[in-house]
Amino acid sequence: MDNRLTYEDMLKICETINIHYIPDEQLFYDTIDHILENPENESASEIILETFTALLKLIDSQIKEIETKVNIQPSCFKGCAYCCYFPIITTRLEAKLILQYIQSLPEEQKQDIFEHLLNYFESNKEQLEKVCSIDFHEDPQFKFKYISEQVSCPFLDRSSNTCKVYEVRPTPCRTYLNYCHPNVCAQSLMPRETFSYEFLHEFYMTALNEVLQEFLYEDEDLGITFPDDVFHIDYLPKLLKEELCNKS
């Protein structure tokens, strides 16, 4: 007998979450206060990266806390990558921080990811031009149009269906979860049963912005244009390619 949640079950749970379990924004400020008072790194750019990773982990922990309160568990599992073909929209700041994280990795791992990205942009050039031209501001069907092309995320290792930057995967990847039968993702490009904790994104970005402003007037070149990088949003593949081209 299948005891997995139904769509109707999820509607009721979503209503409960929306009413009772919106996280306290102060948790995000407490996290950045702790980092600023007890930094593990010395340079401003490293502290900003430290903050970035800490806030992403906080999103994960907040989701787990909500799941515990409403007694649900995701049916997502390692190797399932249907959602890795969704349009991932981020700020330019986040794209830069992901690349900074890659630069901080051991040499072999770093080179592997950069080679993977080079191959990705070469092999998906025409499809990427097509999907990244879809106007996500104006076109209400942009998600379906993007997913229909089946262009994977730049960081998806298709040989293993795993993420090459899992520790710093963007918030859309973290907050989109399935609590019903896993087959719903296989059977539909945009399954109605899935749930998004997208309300966490605003807390995270506000806190990240606060830390960034702490270091704006330091002598160190952060490689960040403020406030443009915070407010410029676009498809992740497009932002990554632009940033990689700027560095080459």
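The values are calculated or read from the model by the stated rules, or taken from the named source; none is laboratory data. Please read all numbers here as calculations on a predicted model, not as lab measurements. Heads up, the Cβs are rebuilt from the backbone with ideal geometry, glycines too, and the neighbour counts pull from every protein chain shown. Heavy atoms of the whole protein, side chains included, go into the accessibility calculation; ligands, DNA and RNA do not. Shrake-Rupley method; radii C 1.70, N 1.55, O 1.52, S 1.80 Å.
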Which residues, counting only those in segment 16-64, are at pLDDT 95 or above, within 20 Å of the chain's Cα centre (by Cα) and open to solvent by 60 Å² or more (accessible area, probe 1.4 Å)?
27, 57, 64
Scope segment 185-200; condition assigned to a strand (DSSP E or B) and more than 23 Å from residue 239 (Cβ to Cβ); matching residues:
195
Output the residue which, of all residues in segment 140-175 that are touching a Lys or Arg at 6+ places or on another chain (Cβ under 7 Å) and not polar (S, T, N, Q), is surrounded by the fewest Cβ atoms within 10 Å (Cβ to Cβ).
149
Is there a residue being at pLDDT below 95, farther than 19 Å from residue 146 by Cα and either basic (Lys, Arg) or loosely packed, with under 14 Cβ neighbours inside 10 Å (or both) anywhere in segment 184-195?
no
Yes or no: segment 176-184 includes at least one residue that is assigned to a helix (DSSP H, G or I) and of a type outside the set (Lys, Arg).
yes
Cβ-Cβ under 8 Å, sequence separation 6+ or interchain: first residue in segment 47-59 and within 16 Å of residue 215 (Cβ to Cβ) and free of Cβ contacts under 8 Å to residues at least 12 places away in the same chain, partner open to solvent by 20 Å² or more (accessible area, probe 1.4 Å) and part of a helix (DSSP H, G or I). Which pairs?
none
Return a yes/no flag: does segment 220-229 have any residue that is part of a helix (DSSP H, G or I), surrounded by 15 or more Cβ atoms within 10 Å (Cβ to Cβ) and touching a residue at least 40 places away in the same chain (Cβ under 8 Å).
yes
For residues that are without any contact (Cβ under 8 Å) to a residue 24 or more places away in the chain and either part of a loop (DSSP other than H, G, I, E, B) or open to solvent by 30 Å² or more (accessible area, probe 1.4 Å) (or both), tally how many sit in segment 66-87.
2
Of the conditions (1) under 18 Å from residue 14 (Cα atoms); (2) open to solvent by 30 Å² or more (accessible area, probe 1.4 Å); (3) not aromatic (Phe, Trp, Tyr), residue 238 clears all except one; give me its number.
(1)
